[in-house]
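A short reminder: the numbers here are calculations on the coordinates, not readings from a lab. Everything numeric in this text was worked out from a predicted model, so none of it was measured. Note that we place each Cβ from the backbone using ideal geometry, even for glycine, and neighbour counts take in every protein chain shown.
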Amino acid sequence: MRNILRYLVAALLALSAGLLGILVPGGPIETRNFSHINPLILGIFNTFLTSLVIASVLLIYYILKNVRWAFIVSALCGVFYFFVYALDLGSIFPVSPDPMPQMLFVIEVLGTIVSLPLTFLSVRGAINSQEQVMERKASSRSFVYLAFLLLLVGIGIITFATKSAIGDI
C-alpha cells in the first residue's frame, strides 16, 4: 500500500502541476486581461504560481523516495492549489473584466477536485513514511542542475505571464 500511495501522490503532483502550468496568461486557455491590476502584484502572484508548479515537479523525486518532509510539503502544495483555484472560481483574485473562458473554468474545477486527494494522501504519506537516506553524490548533483534549469524556465514564465496579463505582449 505504501508504494501505491507514493505513486498516487507523485501522479497527483504531476497532474496538479500540469493543470496549473497550462493556465499561463497569454497562453491558449488563460486569455483574460488583468491590465488594471498593479504589475508588481501580478508579478508576485505569477511568481507564487510558477514556484508552486516547480516545487511540485521537484517534489515528485522525493515523494518516490518516501521522504517524510516531501509529503508534508506536498500537502501544503495541495492546500495552495485548492486556494488558488477557489480564489479565482470565487471571483476573489485575480478579477478580470473579461468573462472566464469555459475551458479555464473546467480546468480550474478539475484542479480544485485534484487538490483534495493530493492533500489528503500527502498527509497520509507523511504519517506512514519513513525518512530515507538519500544518495548524496550523483542524484543530488542532478537534482541541483534540474532545479537550476527549472528556475531559469520559471523566470521566463513569470516574465511572459506578467507581461501577457497586463497586455504588453
Quiz item: Identify, please: which residue in segment 64-100 is more than 30 Å from Ile127 (Cα to Cα), in contact with an Asp or Glu (Cβ under 8 Å, 6 or more places away or on another chain) and of a type outside the set (A, V, I, L, M) and is, among those, surrounded by the fewest Cβ atoms within 10 Å (Cβ to Cβ)?
Solution: Pro94
Quiz item: With Phe48, Phe93 as the choices, which residue is of a type outside the set (Gly, Ala, Ser) and either over 29 Å from Phe148 (Cα atoms) or more than 16 Å from the chain's Cα centre (by Cα) (or both)?
Solution: Phe93
Self-check item: Leu58 surrounded by fewer than 19 Cβ atoms within 10 Å (Cβ to Cβ), more than 25 Å from Phe105 (Cβ to Cβ) and under 12 Å from the mean Cα position of the chain (by Cα)
Solution: yes
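Can you name every residue in segment 14-40 that is part of a helix (DSSP H, G or I) and within 12 Å of Ile158 (Cα to Cα)? Talk me through it step by step, then tell me what you get.
Step one: filter segment 14-40 for residues part of a helix (DSSP H, G or I), giving 14-21, 39-40.
The answer is Gly21, Pro39, Leu40.
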Self-check item: Of the criteria (1) in contact (Cβ under 8 Å) with a residue 60 or more places away in the chain; (2) surrounded by 17 or more Cβ atoms within 10 Å (Cβ to Cβ), which one Ala10 fails
Solution: (1)
